[in-house]
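**Student:** Sharing a structure below in structure tokens format, with a few things to ask.
The values are calculated or read from the model by the stated rules, or taken from the named source; none is laboratory data. Since this is a predicted model, take the numbers as computed values, not measurements. Methodologically, a virtual Cβ is constructed for each residue, glycine included, from the backbone with ideal geometry; neighbour enumeration extends over all protein chains shown.
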Amino acid sequence: MVYKVDNNQLEIVRAARKIGAFVKVLSEVGHGFPDLLIAFGGVIYLCEVKLNKSSKLTPRQKDFIEKFPCPVYRIESVDNVIDLLLNSEKRDGLVIRC
């Protein structure tokens, strides 16, 4: 299967790891599954990386997001991921007790 990785994904992964997040890249899973699983502060986030605001979700990505029972966050920049993780009390996510 051929999968596409947005050009900004590596810098987003590095930034999240730099502040102590666990990041697992899932881009190669395909079939609409989000690009990243990020765990930080006892919360797990599924994130779809897009290059910018004009980047469209694929039909499979839209389908996954509509059917998945937890939020999937769209991340376009380092600032987006840092804001998501450092302001997690404002967000919904899969909360696990560690």
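**Student:** Considering only region 1-74, give the strands (runs of 3 or more DSSP E) lying wholly within it that have at least 3 residues that are within 16 Å of N87 (Cα to Cα) and aliphatic (A, V, I, L, M).
**Tutor:** In region 1-74, the matching strands (runs of 3 or more DSSP E) lie at 43-49.
**Student:** Can you tell me how many residues within region 53-73 are touching a residue at least 12 places away in the same chain (Cβ under 8 Å) and more than 20 Å from D6 (Cα to Cα)?
**Tutor:** The number of residues fulfilling the criteria is 3.
**Student:** Just to be sure before I move on: is L86 of a type in the set (A, V, I, L, M, F, W, C), surrounded by fewer than 17 Cβ atoms within 10 Å (Cβ to Cβ), at pLDDT below 95 and out of contact with any Lys or Arg (no Cβ under 6 Å at 6 or more places or on another chain) in the structure I sent?
**Tutor:** Spelling it out, L86 is indeed of a type in the set (A, V, I, L, M, F, W, C), surrounded by fewer than 17 Cβ atoms within 10 Å (Cβ to Cβ), at pLDDT below 95 and out of contact with any Lys or Arg (no Cβ under 6 Å at 6 or more places or on another chain).
**Student:** Scanning for something aromatic (F, W, Y), touching a Phe, Trp or Tyr at 6+ places or on another chain (Cβ under 6 Å) and at pLDDT below 95, does region 33-46 turn up at least one residue?
**Tutor:** There is at least one residue in region 33-46 that is aromatic (F, W, Y), touching a Phe, Trp or Tyr at 6+ places or on another chain (Cβ under 6 Å) and at pLDDT below 95.
**Student:** Follow-up question, since we're still on this one. Within the set of pairs 6+ apart or on separate chains, which have a first residue in region 1-26 that is of a type in the set (D, E), a second that is in a loop (DSSP other than H, G, I, E, B), and C-beta atoms under 7 Å apart?
**Tutor:** D6/K50; D6/L51
**Student:** If I ask for residues that are among the charged types (D, E, K, R) and either surrounded by 14 or more Cβ atoms within 10 Å (Cβ to Cβ) or out of contact with any strand residue (DSSP E or B) (no Cβ under 8 Å at 6 or more places or on another chain) (or both), which ones from region 1-50 would you list?
**Tutor:** K4, D6, E11, R14, K18, E28, D35, E48, K50
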